Structures are given as C-alpha cells and as structure tokens.
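Everything below concerns the one structure shown next.
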Amino acid sequence: MKTVPSTFAFTEKRVLSVAAQINTRRYSDQNLANLKLVVTPKGTKTFYAMFKVSGQARSVKIGSAAEVSLSQARARVIEIINSEKEKRKRTFRPPDLVQLETLERLSGFTVNDAYCAYYDNHLKHRKTTGNRQHALHHTFKKYLEPILGKLDVKELNRKWLAKCLKNIYLEKDYSIHNKCVSVLKAMFNYCLVYESDYPLEFNPASLLKKETGVVRSRYLSMQEIVNLLQELNDLNHPTFTDLFKLALFTGARIGNIKAMRWDEIDLNNASWVLPAIKTKTNKTYHLPLSSQALEILKKRYQETPNSVYVFASERSATGHVMGGEMVWKKVIIKAGLYSNNKNFRIRKHDLRRTFATLQALKGVDINTISKTLGHTDIKHTQVYAQIDTAKSKAAIDLAFSDLPILCK
C-alpha cells in the first residue's frame, strides 16, 4: 500500500481514499495549513482547525468528513481563524505592510512560536556562566518580543524587518542590534530545518546585516589606575573593592572572578586553575597570580576559610556574587573616569585590557601576555595589548639611522 504523505493538496477524492493505519494519523492540507484531517485506526475521518494562540496549540473540531464537504470545512477553518485574529491584541502593527486579503495567507504560526521552538529545543541547552540567561534569550525577550512576538510569520516583510532592526540600532547601539540579528537568523533557520509545520520556505531575516561597532582601545594610564584604586579603597566595599582589584591584577574576565572557587586557587604556588567549563575555549588554564592578587586572596581566605567561593553570596542562586554595575559606576564617577560618551567611558572589561597593555609597555613578549590572559591564539591578545608609540618611534628612527642626512 502506498504511504500517503502527511501533507498533500486535499480534494474530495483524495480525502475519501486515505486508508486507515495501525495508529491514528493526522494530515495537513497543502493549500490551507490550518485544516487537518484526522484518521483513526477504525477508518473514522474528521476535519479539524488547528492553530496556535500566544504560543498555545488550539484545536477545533469541524466535523466528520462523511458529513462535511471539503469546501465547507475550508470555509469553517477560515471563519475560525478570522475570529481568533480579531481577538488577538497586538502591541505592534507594521504600518507599511500590505494588508492580507485572505486568511489562507496566514499560517497561525507567530514569531513567538518560532522563538519558543528554537529556545525549548536548542538555546536553553547552551552553556552559560552560572545560572544566567543566555544573551540571545535576554535579547529576544527584551527587544524583539514586544515588537514582533504576536506577528504571524507570514506577515514578516524582509524590507520592513530591516527597517525595524535599523531603528533598534539607532535607539540602542550596534551590539544590541547585532544580537537581535543573530537571534532572528538562528531561530528561523532552526524552524526551517527542524520544525515540519513551519509555514515558510525561506528565512525572513537571512538578508539582515550586522553593524560594525567602534573598536575600543581604551586602557587606564598609571595615574588613572592610582585614582581608581584610591576610590576602591575609600569605598571599602566588602565584596566589590577586592573583586575589581582582582580584575585589574589578574586580567581575568569579571564573570570568572565572580565565580572563582577556593579549590581553584593554589596560594602556595600563586596560581589559579581556571577549569574548562568556565572558559570560552573549553580548555583548562593555569594562570599565574601577581603578588597584589595573592595578597588580596590570602586576606579573604583568612576572613572566610570555610566558604566555597571567594566571593560567596547567600542571596544569589549561583552561590556567588552577581551584579555590581551600580558600584562600578559610583567608583568611576568619583575617580573622574566616567564619560557621557560610552565609547570613552571606562568599563570593567577595560581592566583586562589594561592588564595586557601594561605588560606590553614593559616589553613583555606577546606570547607571554597571551598565556597570562588564557588565550589560545595570539591574534586575540593583540586586541588588548596596545602599541607603545615611544618604542615604535625609536624603532623607526633606528631603521633609518644609516641613511645619510641630505638636508637639515
């Protein structure tokens, strides 16, 4: 017996010819995706209208195929979906989209549905630091869901979608815009490959381009370091004074320092074993600890010898401290390092860049700096280690030192 595909163009003849199987089977109309035919093992055939509302599957029985004609079933499905469409309260409606004349062009599959499928089956299984939300999940929920969430995917117009993302870029910044592009491309690609009921044959976000951001080269001068350390000492915060100092003296990422455990620290050999599960490259790193970092850690260990984490917190679900943004802002304002221009404003990650750059200015070779940062590729280190212009000038002068002086 020839197997009937799960989706085919319904006709009266083909509906009647569908044979019963061992298990109940559901078939979709190729011309109207929301019209389903359910065939039981006993041969009973029933039409249903199936669709989703706010991510929840809905099913409405139309009637037996022996009593309801195909044209009547289609008309009833359109009527039901039309009723649901009128009930739907959208927070946003693209002003320049062509209004749809017939509901056959609607799929009943919203942007929220597409994202939920992508998140539930893929994104939520991706590794994150601690118990934090994945950055793409945060991006969709905060910036995209309020605008696009309730739209039917067949209402997405590539040109309008590009304008929508351009507005996000202008209102926010390039990084948020680029994350929005990433999550849209990823979720629609996932649905195209893995969701059999996905109603589109193309990715509506495929032509979106990421914006190029400002390449930051900001690091702290020696005087700025002195000012920052002075304010951190004056603040005397029980957690963040030491935490931000360690960020400077170890060059480690803030997230890694917050999650630092005592069983990773060897105070006797002045080293920190950063396990693979906490690194971007999934490799374990043995990082040396400077004398300043070692002094801070010894002092904290004496104060909290029985703690699992160096910066433990009973209020955090992770067991270690989180946050600190407001404390950081307060410190850099008092240290005179705050700027209204976000491209010049000192960020916590600039402490890592400073750690690398100060080594470069002292003549430390790039390979050694790379190891202290836990990098596997020197090209990543070169982003942090800035060029010493004085040494560069001396090198250029030396290169031309044998050239006869032709004029004064």
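Here are the numbers:
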quantity: Number of the exception - Lys379 against (1) among the charged types (D, E, K, R); (2) modelled with pLDDT under 65; (3) more than 29 Å from Leu274 (Cβ to Cβ); (4) assigned by TED's automatic domain parsing to the domain that holds Lys278; calculated: (3)
quantity: Residues (small (Gly, Ala, Ser) and modelled with pLDDT under 85) located in segment 51-104; calculated: Ser54, Gly55, Ala57, Ser83
quantity: Filtered residues of segment 255-274 (kept if among the aliphatic types (A, V, I, L, M) and under 24 Å from the mean Cα position of the chain (by Cα)); calculated: Ile257, Ala259, Met260, Leu274
quantity: Single unsatisfied condition, Phe244 versus (1) over 17 Å from Val321 (Cβ atoms); (2) aromatic (Phe, Trp, Tyr); (3) in a helix (DSSP H, G or I); calculated: (1)
quantity: Evaluation of Glu303 against (1) charged (D, E, K, R); (2) farther than 26 Å from Ile346 by Cα; (3) under 24 Å from the mean Cα position of the chain (by Cα) (one fails), failing number; calculated: (3)
quantity: Residue check for Val15: modelled with pLDDT of 85 or more and not in a loop (DSSP other than H, G, I, E, B); calculated: yes
quantity: Test for Ala259: is it more than 25 Å from Tyr174 (Cβ to Cβ), in contact with a Lys or Arg (Cβ under 8 Å, 6 or more places away or on another chain), crowded, with 19+ Cβ neighbours inside 10 Å and not aromatic (Phe, Trp, Tyr); calculated: yes
quantity: Residue that is surrounded by the most Cβ atoms within 10 Å (Cβ to Cβ) [pool: residues in segment 31-45 that are of a type outside the set (Val, Ile, Thr) and outside any strand (DSSP E or B)]; calculated: Asn34
quantity: Candidate set from segment 117-140 (those that are modelled with pLDDT of 90 or more and loosely packed, with under 15 Cβ neighbours inside 10 Å); member that is nearest to the chain's Cα centre (by Cα); calculated: His138
quantity: Residue satisfying all of: in segment 210-269; under 30 Å from Lys166 (Cα atoms) and small (Gly, Ala, Ser); modelled with the highest pLDDT among these; calculated: Ser217
quantity: Only listed residue being at positive phi and not acidic (Asp, Glu), chosen from Asn167, Asn178, Asn227, Asn236; calculated: Asn236
quantity: Lone unmet requirement of (1) of a type outside the set (A, V, I, L, M, F, W, C); (2) touching a Phe, Trp or Tyr at 6+ places or on another chain (Cβ under 9 Å); (3) in a loop (DSSP other than H, G, I, E, B) for Ser28; calculated: (3)
quantity: Residue in segment 290-297 that is closer than 20 Å to His349 by Cβ and either at pLDDT below 90 or within 27 Å of the chain's Cα centre (by Cα) (or both) present; calculated: yes
quantity: So Asp263, is it farther than 17 Å from Ile332 by Cβ and part of a helix (DSSP H, G or I); calculated: yes
quantity: Sole exception among (1) under 30 Å from Tyr338 (Cα atoms); (2) surrounded by fewer than 20 Cβ atoms within 10 Å (Cβ to Cβ) for Cys180, by number; calculated: (2)
quantity: Residue list for segment 195-245, restricted to those being small (Gly, Ala, Ser) and surrounded by 13 or more Cβ atoms within 10 Å (Cβ to Cβ); calculated: Ala205
quantity: Lone unmet requirement of (1) closer than 21 Å to Leu289 by Cβ; (2) in contact with a helix residue (DSSP H, G or I) (Cβ under 7 Å, 6 or more places away or on another chain); (3) at pLDDT 85 or above for Tyr384; calculated: (3)
quantity: Residue within segment 275-284 that is under 26 Å from the mean Cα position of the chain (by Cα), farther than 22 Å from Gly319 by Cβ and touching a residue at least 24 places away in the same chain (Cβ under 8 Å) present; calculated: yes
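The values are calculated or read from the model by the stated rules, or taken from the named source; none is laboratory data. Please read all numbers here as calculations on a predicted model, not as lab measurements. Quick reminder, even Gly has a Cβ in these numbers, built from the backbone with ideal geometry, and neighbours come from all protein chains shown.
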